[in-house]
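Below: one structure, written as structure tokens.
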Amino acid sequence: MTTVAAKPTTTKPATMAQALNRAMRDAMAEDPTVHVMGEDVGALGGVFRITDGLAKEFGEDRCTDTPLAEAGILGAAVGMAMYGLRPVVEMQFDAFAYPAFEQLISHVAKMRNRTRGAMPLPITIRVPYGGGIGGVEHHSDSSEAYYVATPGLTVVTPATVEDAYGLLRASIASDDPVVFLEPKRLYWSKADWSPEAPAAVPGIGEALVRRTGTSATLITYGPSLPVCMEAAEAAREEGWDLEVVDLRSLVPFDEETVVASVRRTGRAVVVHESGGFGGPGAEIAARVTERCFHHLEAPVLRVTGFDIPYPPPMLEKHHLPGVDRILDTVARLQWEN
Amino acid sequence: MTVQELPGAGASHRSTPPPAWRPRTDAAPLLPDPEPYRVLGTPAADRLDPELMRRCYAELVRGRRYNAQATALTRQGRLAVYPSTVGQEACEIAAAMVLEEQDWLFPSYRDTLAAVARGLDPVEALTLLRGDWHTGYDPRERRIAPLSTPLATQLPHAVGLAHAARLRGDDVVALAMVGDGGTSEGDFHEAMNFAAVWQAPVVFLVQNNGFAISVPLAKQTAAPTLAHKAVGYGMPGRLVDGNDIAAMHEVLSEAVRRARAGGGPTMIEAVTYRIEAHTNADDATRYRGDAEVEAWKAHDPIQLLERELTARGLLDEAGIQAAKDAAEEMAAALRDGMNAEPVLDPMDLFENVYAQQTGRLREQAAMLRAELDAAEQDAAEEEDPS
Ligand SMILES: Cc1ncc(C[n+]2csc(CCOP(=O)(O)OP(=O)(O)O)c2C)c(N)n1
């Protein structure tokens, strides 16, 4: 038996963009069936540089610049997956995935079911989503409500550098189609991270308590996680000790972690950027109410984007849920007042 | 059993010849020229209308200045983003010039210059890119559809509008603009097909500027030219030098005339080049070399026309200077307009989502109103803590 000296792990500041890039690189190196494709993913490395260097390292057959046609990209990925490949497709921006919805909803989401399990589709659909980057119209949509309303799709969204890597690896490895929502305003957020020995993170379908607290639970995901963490810090001044749950995975939804937290704290606020009406928060609030009714000291409240088309960049700050709006809502949880 | 024994596998099994088949349309007149059509520097230039060409020249110079000013505004942070049309001014301007007042322009996100050349105020045209509202003008009043950011999605609208106008007996032509990359989208194909089947009065102008962000034309299409695509739908495809404004004006006018006369749609591929990066946020060195850019700079739309007109004695130093002066005036007005802080009311967010505001939106509006009032009060107290 030979002993292998443990490799020294180097943690240094890495961005979420770098972690996503590394996840694809490692998946492609380990599994020759993994193919990356989309608009501008080759020489340019994607408009956000998430696929930087993949075409150079693995060749254009494995990291392919496609014609400009989202329905074509996803439709072709269906055929590739039918033939045993694992396509990872990039939709350039949230709102530019809409031309692909016919393929997504009619085929990607239903193939396993309509073939009684004979034809699974291991496709990962990477979608940069959400606002806060000053983009002009059609560059800031939070489209998760459409995805979570479509049975057959797995929907995940990382909020940290570790999760960006871990959840993307898990998505590519999944035998089901995964909509992988990338909070684009966190692309350049940094953490100390080791690309050589990435920390193991919980898999798809598991939520994480990012901060423990006793007075109320903030339930959130993706771009709103850092906002909730900041709000939780600020709430200490008001005498509130907030717990923060990061869902990480919208479908499947980790009801147990959420329910356990709300039963502990007795109060809950759901926070997300997409509109409130018919948004994921509505479902979460309903589930929490069903399971925690006798533990609740107040109704489950929501802080969401307004129910309007995404505003122009000069007005987006009024639309996005910020720390103040979260704190105001937390204050409303003192129901007896 | 051999393959030959399969029934119907070979011609020998056919007892009767298939029924006579003939194409619905003769393809030959629909086929594009093998080379981009040119006027400037060719004998065809003899028939140029001097007055029209001097106007084209002034517009080109103004268009170049507009591009330079808009790019400068991105550096000053006045514009969030600007997709430049330096090198493509002839396409943008000719598209606007060939339309009558009642006609409609359907621009894509890059075509603010076409909208300005059609008479839209430059500041209004840049509202979208500045970020204060999505469309800075009334499309009905200007007969310019909103600049479309999702690619090719405006093309079916152009077809529908032109069709509706014809149903109503109105004399309206729609001219729709799209990039080379946009021709790969499903909406492009559906629009072309509808237009041809309905014989709608539409002109499709494809600006082939070499790239869709980083992706070169060769990775976008395997067709001989984009203009060839027209034939498959049953409309004429024209291939034109997009830097030759005389050729652009002629071919576009002809297509508009044809549409107006009930002759149906035309698709025009203008071969041009995007001299600058995709937008100010793009790094073009990642996907193309300087040599190619330099070669295209030598085929500059302004220089092509200036050379022709001065050689023919139709333009002199004074004319050139006058064009420059007019362009400077436009640039100064644009700078002033863009330097004025836009007046924004956050409460506008809730207006115009529905014709009748919903209860939910009223509730959300009240919440924002309260937040804004509280913030204003805080600010006032900070200023005057008494
Ligand atoms: C449906 C859709 N997909 C992707 C994009 C993102 N995008 C914006 S511009 C662009 C390239 C467009 O290329 P082309 O059609 O050739 O026009 P050009 O930029 O050259 O004028 C892309 C991919 C978009 N705007 N819409």
Exercise. Which whole number gives the average, over all residues in A:308-319, of C-beta atoms from other chains lying within 10 Å of the residue C-beta?
Worked result: 6
For this session: Averaged over every viewing direction, what's the projected area of the C-alpha convex hull for region B:288-379? Give it in nm², one decimal, please.
Result: 13.4 nm²
Seminar exercise, completed: Inverse of <1/r> over all distinct C-alpha pairs of chain A, i.e. the Kirkwood Rh in Å, gives 20.6 Å
Exercise. Considering only DSSP states other than H, G, I, E and B, which trypsin sites (Lys or Arg not before Pro) in region A:136-206 qualify as loop sites with at most 10 other Cβ atoms within 10 Å?
Worked result: none
Problem set entry | Globularity ratio of region A:16-81, using Cα Rg and 2.2 N^0.38 Å | 1.04
Exercise. Where in chain A lies the longest segment free of chymotrypsin sites (Phe, Trp or Tyr not before Pro) that are both loop residues by DSSP (not H, G, I, E, B) and have at most 12 other Cβ atoms within 10 Å?
Worked result: A:189-334
For this session: List, in the order given, every pair from B:K297/B:K324; B:K229/B:K297; B:K229/B:K324; A:K56/A:K317; B:K219/B:K297 whose Cα-Cα distance in the structure shown is over 31 Å.
Result: B:K229/B:K324; A:K56/A:K317
Exercise. Counting only other chains, what is the mean number of Cβ atoms within 10 angstrom of the Cβ of each residue in peptide A:34-43?
Worked result: 3
Seminar exercise, completed: Amide H contacts under 5 Å for B:W104, restricted to residues at least 5 apart in sequence or on another chain and with H modeled in the peptide plane, are B:V173, B:A174, B:L175
Problem set entry | Area buried, chain B against chain A - accessible surface, total, 1.4 angstrom probe, square angstrom | 3300 Å²
Exercise. Given a Förster radius of 45 Å and the C-beta distance between A:A197 and A:R236 as r, what FRET efficiency does 1/(1 + (r/R0)^6) yield to the nearest 0.05?
Worked result: 0.85
Seminar exercise, completed: Contact order relative to length for region A:1-106, counting C-alpha pairs under 8 Å separated by 6 or more residues, stands in percent at 26 percent
For this session: Arrange the residues A:S274, A:S106 by how much accessible surface each exposes, largest first, with a 1.4 angstrom probe.
Result: A:S106, A:S274
Exercise. Put a dot 7 Å past each Cα toward the Cβ at B:T285 and B:E190; how far apart are the dots in nm?
Worked result: 4.2 nm
Exercise. Which ³J(HN,Hα) values in Hz, rounded to whole numbers, follow from the phi angles of region B:199-206 under the Karplus curve 6.51 cos²θ - 1.76 cosθ + 1.60, where θ = phi - 60° and Gly and Pro get x?
Worked result: 6, 6, x, 10, 10, 9, 10, 9
For this session: Take the alpha carbon atoms of region A:2-116, find their radius of gyration, then divide it by 2.2 N^0.38 Å using N residues; give the quotient.
Result: 1.23
Problem set entry | Qualifying aspartates and glutamates (Cα of each under 20 Å from Cα of A:K110; at least 8 residues distant if same chain) | A:E70, A:E102, A:E144, A:D175, A:D176
Exercise. Normalised by the number of residues in chain B, what is the relative contact order in percent for Cα pairs under 8 Å and 6+ residues apart?
Worked result: 22 percent
Exercise. Counting Lys +1, Arg +1, Asp -1, Glu -1, what net charge surrounds A:E57 among other residues with beta carbon under 14 Å of its beta carbon?
Worked result: -1
Exercise. Sequence-distant or interchain residues sharing an amide H contact under 5 Å with A:A199, placed H: which?
Worked result: A:S194
Seminar exercise, completed: At 4 °C in a medium of viscosity 1.567 mPa s, region A:239-337 has a Stokes-Einstein diffusion coefficient, with Rh taken as the Kirkwood radius over alpha carbon pairs, in µm² per second, of 90 µm²/s
Exercise. If the convex hull of the alpha-carbon atoms of region A:108-223 is projected onto planes in all directions, what is the mean projected area in square nanometres?
Worked result: 9.4 nm²
Problem set entry | Rounded if a/c under 1.5, otherwise prolate or oblate - chain B, Cα gyration tensor axes | oblate
Exercise. Hey, what do the phi angles of region A:35-45 turn into as Karplus ³J(HN,Hα) couplings, whole Hz, using 6.51/-1.76/1.60 and θ = phi - 60°, x for Gly and Pro?
Worked result: 10, 9, 8, x, 7, 6, 7, x, 3, 6, x
Problem set entry | Principal axis dimensions, the protein assembly as shown - Cα atoms, whole angstrom, descending | 97, 86, 60
Problem set entry | Computed [θ] at 222 nm, deg cm²/dmol, the protein assembly as shown (DSSP H ≥ 4; -39,500 (n - 2.57); rounded to nearest 500) | -11500 deg cm²/dmol
For this session: Beta carbons within 10 angstrom, averaged per residue: use that to sort the peptides A:328-334, B:188-194, highest first.
Result: B:188-194, A:328-334
Seminar exercise, completed: Using the Cα gyration tensor of region B:87-169, the equivalent ellipsoid's semi-axes, largest first and to the nearest Å, work out to 20, 15, 13
For this session: Any lysines with Cα under 22 Å of the A:K12 Cα? List them, leaving off those in the same chain fewer than 8 positions away.
Result: A:K184, A:K190
For this session: Roll a 1.4 angstrom probe over the protein heavy atoms and tell me the percent of accessible area of the protein assembly as shown that is carbon or sulfur.
Result: 53 percent
Problem set entry | A:V270 long-range amide H proximity, modeled H, under 5 Å | A:I219, A:L301, A:R302, A:V303
Exercise. Is region B:181-304 rounded, prolate or oblate when judged by the Cα gyration tensor, a ≥ b ≥ c being the square roots of its eigenvalues, rounded requiring a/c under 1.5 and prolate requiring a/b larger than b/c?
Worked result: oblate
Problem set entry | Ratio of the Cα radius of gyration of region A:185-231 to 2.2 N^0.38 Å, where N counts its residues | 1.37
Exercise. When the Karplus curve 6.51 cos²θ - 1.76 cosθ + 1.60 is applied with θ = phi - 60°, which whole-Hz ³J(HN,Hα) does each residue of region A:202-207 get, with x for Gly and Pro?
Worked result: x, x, 5, x, 10, 8
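The values are calculated or read from the model by the stated rules, or taken from the named source; none is laboratory data. Nothing here was measured: the structure is a model prediction, and the numbers come from that model. Cβ: placed from backbone, ideal geometry, glycine included. Neighbour counts: every protein chain shown. With ligands, DNA and RNA removed, areas are computed over all heavy atoms of the protein, side chains included. Shrake-Rupley method; radii C 1.70, N 1.55, O 1.52, S 1.80 Å.
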